[in-house]
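Coordinate-derived values only; no laboratory data. Just so you know, these numbers come straight off a predicted model, no measurement behind them. All Cβ positions, even for glycine, are placed from backbone atoms using ideal geometry, and neighbour counts span all protein chains on display.
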Amino acid sequence: MKVLLNCTINGEEQSVLADTRDTLLDLLRDRLGLTGTKEGCGNGNCGTCTVLMDGAPINACLVLAAEVPGRSITTIEGVSADGALHPLQQALVEHGGTQCGFCTPGIVLAAKALLDENPRPSETQIRHAIAGNLCRCTGYGKIVEAIAAVAGSAAQEESR
Amino acid sequence: MQDFIYERPTTIGEAIAAMHADDARALAGGTDLVPQLREGRRRAAHIVDLKHIPQMTEVTVLPDGGVQIGAAVTAAAVARHPAIVADFPAVAESAQLIGGVQVQNRASLGGNICNAAPSADGVPALICHGAQVLIAGPDGTREMPVEAIFAAPGRTTLAAGELLTAIRLPPVAPNSAAAYRRFTPRREMDIAIVGAAAWLRLGADGLITDARVALASVAPTPIRAPAAEKKLLGERPTGGLFEEAGRLAAQDARPISDTRGSAVYRATLVTVLVARALADCGRRFGFEVAVA
């Protein structure tokens with residue numbers, strides 16, 4: 001069934017013609033062309049489709065598009081300003097925390113949500129925050145290092 | 001996926017009316033329901049979103065000191081609510097074991113119950129705290145102990161058109177403590193091979209006056225372990241007693257063998273986890289008890 005949804009995506013009000021069966025992930029990728037959000041497992045296990053809903057990380061594949069009106073969604077396209085990388089993206093580049101890159105958008109958003117709430121997390125808190133994001137390349141070490149570098153010395157001292 | 005009508009009631013009455021339709025399904029966090037619909041494991045012609053009903057999305061501290069948790073309150077909100085963290089830490093800790101952060105931000109405690117997975121991490125601590133589930137339906141409201149809602153894997157005892165509206169935790173008994181332990185191959189984002197919760201109340205003489213032990217993933221539904229509970233009554237809390245209670249709990253369990261673990265392995269895990277959950281209770285009372 002077609003439905004017109006009014007949503008806030010990356011700070012912009014959007015009116016999108018969607019299907020009631022669409023997930024938020026379908027809405028972002030197929031209706032709005034925001035393909036930075038990736039689909040991995042499609043059932044909430046891998047975290048590649050992580051976006052922020054009202055600032056909290058969620059799996060876009062587990063949310064119906066129809067649930068989105070009234071909520072504010074931030075995708076990977078919304079974290080960099082004027083083409084400049086977000087500090088987390090820059091740190092992932094510098095620390096080699098991205099290899100194939102498929103998990104990276106989800107990791108960036110999960111880490112952003114953590115740092116927005118807790119600017120100086122411990123390594124344990126970083127690992128907990130990204131536990132819902134699978135990475136099959138890096139072994140996580142470099143991702144944790146990158147997030148710790150942005151977070152400042154607290155976590156870096158702990159991991160030394 | 002079959003097409004459906006999405007409804008967004010704002011009162012429990014409207015939700016009950018919407019649930020009256022054929023093939024209506026309640027939606028809270030959607031972390032179980034959405035993939036079940038997409039993979040064709042469940043059908044729905046009406047999706048009734050409960051997240052716009054204030055009573056179902058609020059945690060309320062009751063006048064008697066108990067806490068009522070709306071069925072659609074997220075695991076993340078349960079884990080960080082000050083009254084739950086202070087008085088029911090085993091419930092708060094259990095909520096933090098359900099999926100990863102992304103899932104906890106959506107999954108509800110009510111959904112964790114109504115999905116009726118034998119492995120539901122949210123449930124054993126609720127059983128140990130004597131939680132009641134509040135149910136509303138076309139014929140009015142009723143309540144029952146949380147363990148009475150489970151019928152079989154994936155099936156509840158709710159009648160057609162009924163909704164779980166809230167979970168009520170009775171006030172904490174003086175000199176009592178609870179804890180939940182689970183075993184998973186991966187520390188996070190995994191399903192319990194076995195989960196075990198324990199609750200103890202001590203008398204002024206230090207002897208156990210009341211005990212509850214609840215198990216997950218070792219029967220078609222979450223269960224109590226009556227033999228273990230009976231053994232604990234009237235005894236002094238020691239490591240030997242806790243280990244004996246673990247052994248008896250393993251006899252109360254009715255595990256199956258599946259891809260996560262064999263029945264024998266699960267029974268062994270029950271022995272260990274029950275003893276450790278009891279030792280965790282001891283730690284909450286302020287004493288160390290060594291168990292295997």
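Going residue by residue through the range A:35-48, is there one that turns out to be surrounded by fewer than 23 Cβ atoms within 10 Å (Cβ to Cβ), on the phi > 0 side of the Ramachandran plot, touching a residue at least 24 places away in the same chain (Cβ under 8 Å) and not basic (Lys, Arg)? The answer is no; no qualifying residue exists.
Okay, residues lined up against (1) within 22 Å of residue B:35 (Cα to Cα); (2) assigned to a loop (DSSP other than H, G, I, E, B); (3) hydrophobic (A, V, I, L, M, F, W, C):
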position	(1), (2), (3)
A:3	yes, no, yes
A:16	no, no, yes
A:25	yes, no, yes
A:29	yes, no, no
A:36	yes, yes, no
A:40	yes, yes, no
A:45	yes, yes, no
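Take the conditions (1) within 20 Å of residue B:125 (Cβ to Cβ); (2) touching a strand residue (DSSP E or B) at 6+ places or on another chain (Cβ under 6 Å); residue B:235 misses just one of them, which is (1).
Of all strands (runs of 3 or more DSSP E) completely enclosed by the range B:172-237, which ones contain at least 2 residues that are within 21 Å of residue B:156 (Cα to Cα) and in contact with a Lys or Arg (Cβ under 6 Å, 6 or more places away or on another chain)?
Once the strands (runs of 3 or more DSSP E) in the range B:172-237 are filtered for at least 2 residues that are within 21 Å of residue B:156 (Cα to Cα) and in contact with a Lys or Arg (Cβ under 6 Å, 6 or more places away or on another chain), what remains is B:194-202.
Name the residue, out of B:97, B:126, B:134, that is in contact with an Asp or Glu (Cβ under 9 Å, 6 or more places away or on another chain) and part of a strand (DSSP E or B). Step by step, each of B:97, B:126, B:134 is checked, and only B:134 is in contact with an Asp or Glu (Cβ under 9 Å, 6 or more places away or on another chain) and part of a strand (DSSP E or B). Filtering the range B:100-109 to residues that are in contact with a Ser or Thr (Cβ under 8 Å, 6 or more places away or on another chain) and either outside any helix (DSSP H, G or I) or of a type in the set (D, E, K, R) (or both) leaves B:105, B:106, B:107, B:108.
The condition (being farther than 26 Å from residue B:84 by Cα and without any contact (Cβ under 8 Å) to a residue 24 or more places away in the chain) is satisfied by just one residue among B:207, B:248, B:233: B:248. Would you mind stating whether residue B:63 is surrounded by fewer than 21 Cβ atoms within 10 Å (Cβ to Cβ) and farther than 20 Å from residue A:60 by Cβ? Criteria met by residue B:63. When you scan the range A:34-54, do you find a residue that is touching an Asp or Glu at 6+ places or on another chain (Cβ under 9 Å), among the β-branched types (Val, Ile, Thr) and at the interface with chain B (Cβ under 8 Å from one of its Cβ atoms), even just one? Taking every residue of the range A:34-54 in turn, none turns out to be touching an Asp or Glu at 6+ places or on another chain (Cβ under 9 Å), among the β-branched types (Val, Ile, Thr) and at the interface with chain B (Cβ under 8 Å from one of its Cβ atoms). Looking only at residues in the range A:55-72 that are out of contact with any Ser or Thr (no Cβ under 8 Å at 6 or more places or on another chain) and under 18 Å from residue A:15 (Cα atoms), the one that is nearest to the other protein chains (Cβ to nearest Cβ) is A:67.
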